[in-house]
Amino acid sequence: MDPRIARIRRKLAAIPFQALRSHSFGEEKHQFRLGPKLTSAHIAAFEAEHDIALPDPFRQFLRHDGGSGAAPFYGIMPVERWSLFVMNPAEEPGAPRGFDAAGRESRASDLFLHIIEMGCADVCLLGVTGPLTGRILIGNSDGYWGPNVSSATDFLDWYERWLNHMSDGRDNRALELTSPRLRAHPNRHRMAPKL
């Protein structure tokens, strides 16, 4: 088992009790609780049904920490709500790109799994095929902004970064974190740094 798994579990258990932690958008929904762990059989059935292999760090999280719940934004959705997406082609260099549901005919494209609820047309995706396999992307399915690829090397690094930033009371727009200092300031919408 990856040593980050137990470390993440300890950090997650401590976060709700830290007085000077950051506020995480959507925390009211998941309340820093994880849903039941997924069995190897459940994960294998999902992979077989969708003809994909989940990146190992994410698979380990599901097996040893939880299959839904606490995460940035509104949290990890239950496996029954996960869906595959493909990134829309670039219209012009540097322009935002959206995402569409992946049909069977698009399976030759790079695939991204929608695992975290952000609300509206915003999506938090895990790369499952292609050069971004294992990386987290955040964007808008309609292509209004993003996608932004996290610099974290895999799901566990990304998840632990969220916990670390919360514990440190740091702002982070990419993870929708707002520090206690910033929440108390009357001009907080003007002070948040862009990351």
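The values are calculated or read from the model by the stated rules, or taken from the named source; none is laboratory data. Computed from a prediction, not measured in an experiment: that's the story for all the values here. Counting neighbours? That spans all protein chains shown, and the Cβs are built from the backbone with ideal geometry, glycine included. SASA here: full protein model, heavy atoms, side chains in, ligands and nucleic acids out. Shrake-Rupley method; radii C 1.70, N 1.55, O 1.52, S 1.80 Å.
With θ set to phi - 60°, apply the Karplus curve 6.51 cos²θ - 1.76 cosθ + 1.60 along the stretch 14-21 and write out the HN-Hα couplings as whole Hz, x wherever there is a Gly or Pro.
7, 3, x, 9, 8, 5, 9, 6
Would you mind counting up the charge near Ser40? Only other residues with Cβ under 11 Å from its Cβ, with Lys and Arg at +1 and Asp and Glu at -1.
Within the 11 Å Cβ shell, the charges total +2.
Anyone know which of Asn88, Asn140, Asn164 comes out most mobile in the 10 Å Cα GNM of the chain?
Residue with maximal mean-square fluctuation among Asn88, Asn140, Asn164: Asn88.
Sequence-distant or interchain residues sharing an amide H contact under 5 Å with Gly67, placed H: which?
For Gly67, the qualifying residues are Gly35, Lys37, Leu38.
Okay, helix-only estimate at 222 nm for the chain: each DSSP H run of n ≥ 4 adds -39500 (n - 2.57), divide by all residues, round to 500 deg cm²/dmol; what do you get?
-8000 deg cm²/dmol
What is the set of long-range amide H partners of Thr129 at a cut-off below 5 Å, with H atoms built 1.01 Å from backbone N?
Leu111
Tally Lys/Arg at +1 and Asp/Glu at -1 over every other residue whose Cβ is under 11 Å from the Cβ of Arg7; what's the total?
+1
What is the sum of charges, Lys and Arg at +1 and Asp and Glu at -1, for the other residues whose Cβ falls under 11 Å from the Cβ of Leu156?
So the environment of Leu156 carries a net charge of -2.
Name the residues whose placed amide hydrogens come within less than 5 Å of the amide hydrogen of Glu176, ignoring near sequence neighbours (fewer than 5 apart) on the same chain.
none
Anyone know which of Arg21, Arg33, Arg104 comes out most mobile in the 10 Å Cα GNM of the chain?
Of Arg21, Arg33, Arg104, the most mobile in the Gaussian network model is Arg104.
Among Ser68, Ser109, Ser150, which one moves the most in a GNM of the chain with springs linking Cα atoms closer than 10 Å?
Top of the fluctuation ranking is Ser109.
Skip the ligands, DNA and RNA, and give the accessible area per residue of the stretch 59-167 with a 1.4 Å probe, whole Å².
Using a 1.4 Å probe on heavy atoms only, each residue of the stretch 59-167 averages 41 Å².
If I compute solvent accessible area with a 1.4 Å probe over the protein chains, what percent of it on the chain is carbon and sulfur?
Carbon and sulfur atoms account for 52 percent of the accessible area of the chain.
On full extension of the chain, what length is gained from Ser151 through His64, given 0.36 nm per residue of separation minus the C-alpha to C-alpha distance?
Using 0.36 nm per residue and subtracting the Cα-Cα distance, I get 28.9 nm.
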